[in-house]
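See structure below.
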2 protein chains.
Amino acid sequence: MKELLPKISLKVNEHVYLKDPQSSELGRRILQGSIDLLEEVGLEAFTFRKLAHEISSTEASVYRYFESKHKLLLYLTSWYWAWLEYRLIFSLINVESPEDRLGRALKVLTEVVEEDSDFLFINEIKLQHIIVAESSKAYLTRDVDEENKFGIFAGYKKIVQRVSDVILEINPKYKYPHMLISTAIEGAHQQRYFAEHLPRLTDHIKGEDSVVEFYRGLVFRAIECFPKRDK
Amino acid sequence: MKELLPKISLKVNEHVYLKDPQSSELGRRILQGSIDLLEEVGLEAFTFRKLAHEISSTEASVYRYFESKHKLLLYLTSWYWAWLEYRLIFSLINVESPEDRLGRALKVLTEVVEEDSDFLFINEIKLQHIIVAESSKAYLTRDVDEENKFGIFAGYKKIVQRVSDVILEINPKYKYPHMLISTAIEGAHQQRYFAEHLPRLTDHIKGEDSVVEFYRGLVFRAIECFPKRDK
DNA sequence: GCAAAAATGATAGTAATACTATTATATTAG
DNA sequence: CTAATATAATAGTATTACTATCATTTTTGC
C-alpha cells in the first residue's frame with residue numbers, strides 16, 4: 001500500500017476531540033507523542049503532564065485538544081478502526097470469490113503490522129502494540145453507553161458488519177457472523193498479548209504466524225467451508 | 001452444587017493480599033463490600049475510601065488487607081478462577097467420554113452464573129458481572145510479567161491446561177488447544193459485554209444462550225469433531 | 001504589512017486519589 | 001488478666017486530573 005496514494009487522512013468521530021488534532025502542528029505532535037509515550041509507559045502511567053513534557057508543550061495546551069486521556073485513547077482506537085477499514089477495502093478490491101475475500105479480510109484483521117508508511121504522524125506499528133494492550137479499555141468503562149450513542153464505536157461496528165456480510169455470502173445460514181468476527185478481532189489481540197506475557201494461555205508454532213493460522217482455521221470451519229489456501 | 005458440600009473456601013495466591021481477607025470478619029466484609037461496590041460503580045470509580053465507607057470501616061483498615069485496588073481486583077479474579085476450576089471438576093466427575101467432557105467444560109466456561117450459593121460472602125452472580133467487565137484489566141498492565149512470576153495467573157492457566165488436555169484426548173493432533181480455550185473464555189466474557197453495550201458486535205438468537213451455543217460449535221468444529229448433543 | 005482573532009505558553013490553583021503514618025481504642029489469645 | 005494484635009480515627013503527602021487566567025506568539029483576512 002506504501003506510497004500508492006497521496007497522503008490522506010482518516011476521519012475520526014468528532015465527539016472524541018475538542019479540536020481536531022490532525023488540523024495543526026501541535027495536534028499532530030500530540031498524536032505522535034502520545035503514541036510514543038503510551039507504548040513506552042502504558043495507559044495507567046500515561047499522563048497529559050508527561051505527554052506535554054515529551055512534546056515540549058504544556059498540559060493546558062493538550063487539554064485544548066482532548067478532554068481526558070480516555071478521550072485520547074478513544075481517538076487512537078477510532079483512528080485504528082478507520083485505518084483497518086481502509087486496509088480492508090484495499091485488500092478486497094477486485095477479489096471476486098467470497099472465500100478469498102474472507103481469507104484476505106481475516107488476514108488483515110489478525111496479522112501483525114510490519115510497516116509504518118501511509119500516515120505521516122501515526123506510527124502504525126506502535127499503534128498496533130497500543131491497541132493490543134489497551135483498546136479494550138476504551139469500551140470497558142461506565143461511559144460506553146453514552147459514548148456509543150454518539151457513534152464513537154461506529155468504525156469498529158462497520159468493520160464487523162463488512163466482514164459479516166462476506167460470511168453470509170459464503171453461508172447465508174450461518175447464525176453468528178458478528179460474534180465470529182468480533183471474536184477473531186479481539187481474540188487476535190489477546191493472543192498476541194498472551195504470547196508476550198502469558199504464553200501458557202496460547203500456542204506458538206515455529207515458522208508460522210499461529211494467530212493468523214488459528215483464526216483462519218477457526219472461522220472457515222465455523223461456517224462450514226473448507227477454503228483453498230492461497231499458496 | 002448447592003449445599004452438596006460443607007462450606008469450603010478457595011485458595012488464592014498469597015501475593016495478592018497483605019492479610020488473608022477470608023481469615024477475619026473485616027476481611028470478609030471487604031470482599032463482600034468490594035463486590036457490591038465494583039458492580040455498582042465499576043473499577044475506575046471504585047476507591048478504598050468509598051469501600052471503607054460502604055462497610056463502615058476506614059481506608060487505613062482496608063489497606064491492611066490489600067496494597068491497592070489492583071491487588072484487590074487480582075484477588076477477585078484469582079478467586080473466580082479457583083471457583084471455575086472447582087465447578088469444572090464437579091461437572092466432569094464420572095463423565096467418561098472426552099466429547100462429553102469437553103461439552104460440559106465449555107458450558108461451565110461460557111455460561112452465565114445463575115445461583116449464588118456455595119460461598120458465604122462472595123456473591124457469584126455479581127462477581128461474574130465484574131469479571132465480564134473488568135477481569136482483562138487484571139492482566140493488561142505493566143506489572144503482568146512481575147505478577148506472573150509470582151504465580152498470580154496460575155489459576156487461569158490451570159483451567160486452560162485442563163480443558164486443553166481434554167481437547168488433545170479427542171484430537172491429539174490439534175495444534176492450538178490453548179488458544180482455542182482462552183479464546184472461548186475471554187470471548188464469552190466479551191460477547192456478554194457486547195450483548196449489553198455494543199449489540200452490533202454480537203448476535204443473539206431468541207430462545208437460546210447464543211454465547212454458549214456459539215462457542216460450543218466453534219470449538220467442536222475447530223477440532224474436527226461433531227458432537228452428539230446432550231439431549 | 002497590519003489589526004484582529006486564534007492558538008499556544010506560563011503559571012497557578014482545586015478537588016480527588018492513592019497512598020503512609022501515628023496514636024488511640026477495642027478485641028482476642030495465652 | 002495481661003500482652004499482643006486488630007481496628008478506628010485522624011492527619012498528612014505526592015500525584016493526578018483537571019480548570020482558570022493572562023501573557024505571548026502565530027495565523028488570517030484585508
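Suppose R0 equals 51 Å. What FRET efficiency, 1/(1 + (r/R0)^6) with r the Cβ-Cβ distance, do A:S24 and B:E67 give to the nearest 0.05?
0.75
Just grab the label-to-label distance for A:K149 and A:F121, each label 7 Å out from Cα along the Cβ direction, in nm (one decimal).
3.2 nm
With charges only on Cβ, +1 for K and R and -1 for D and E, what is the dipole size of the stretch B:14-222 about its Cα centre, in debye, rounded to 20?
480 debye
Using only the C-alpha atoms of chain B, find the volume of their convex hull and express it per residue in Å³.
Per-residue hull volume (Cα only) is 141 Å³.
Return the chain A residue and its Cβ-to-axis distance, rounded to the nearest Å, for the rotation relating A to B.
Residue plus distance in Å, as requested: A:R221, 2.
Please provide three numbers in whole Å: the alpha-carbon extents of the stretch A:96-231 along the principal axes, with the largest listed first.
Extents along the principal axes: 39, 39, 34 Å.
Evaluate the charge dipole of the protein assembly as shown about its Cα centre and quote only its size in Debye, nearest 20, assuming +1 on the Cβ of each Lys and Arg and -1 on the Cβ of each Asp and Glu.
340 debye
Which listed residue (A:H129, A:L168, A:L140) has the Cα farthest towards the positive end of the charge dipole for the stretch A:88-231, taking +1 on Lys and Arg C-beta and -1 on Asp and Glu C-beta about the Cα centre?
Towards the positive end, the residue furthest out is A:L168.
Output the Kirkwood hydrodynamic radius of the protein assembly as shown, Cα pairs only, in Å rounded to one decimal.
Kirkwood hydrodynamic radius for the protein assembly as shown: 23.5 Å.
What accessible area per residue, rounded to a whole number of Å², is obtained for the stretch A:14-222 using a probe radius of 1.4 Å?
Here the residues of the stretch A:14-222 average 41 Å² of exposed surface.
Relative contact order of the stretch A:14-222: what whole-number percent is it, with Cα pairs under 8 angstrom and at least 6 residues apart?
Value for the stretch A:14-222: 22 percent.
Give me a single rounded figure for A:169-176: the average over its residues of other chain Cβ atoms within 10 Å of their Cβ.
Partner Cβ neighbours, averaged per residue: 3.
Sorted from shortest, what are the nm distances separating the label point of B:I89 from equivalent points in the other copies, each placed 7 Å from Cα along Cα to C-beta?
Those label-point separations list as 5.5 nm.
The values are calculated or read from the model by the stated rules, or taken from the named source; none is laboratory data. Note that the coordinates shown come from a computational prediction; the quantities given were computed from them, not determined experimentally. Heads up, the Cβs are rebuilt from the backbone with ideal geometry, glycines too, and the neighbour counts pull from every protein chain shown. Calculation scope for accessible area: heavy atoms of the full protein, side chains included, ligands and nucleic acids excluded. Shrake-Rupley method; radii C 1.70, N 1.55, O 1.52, S 1.80 Å.
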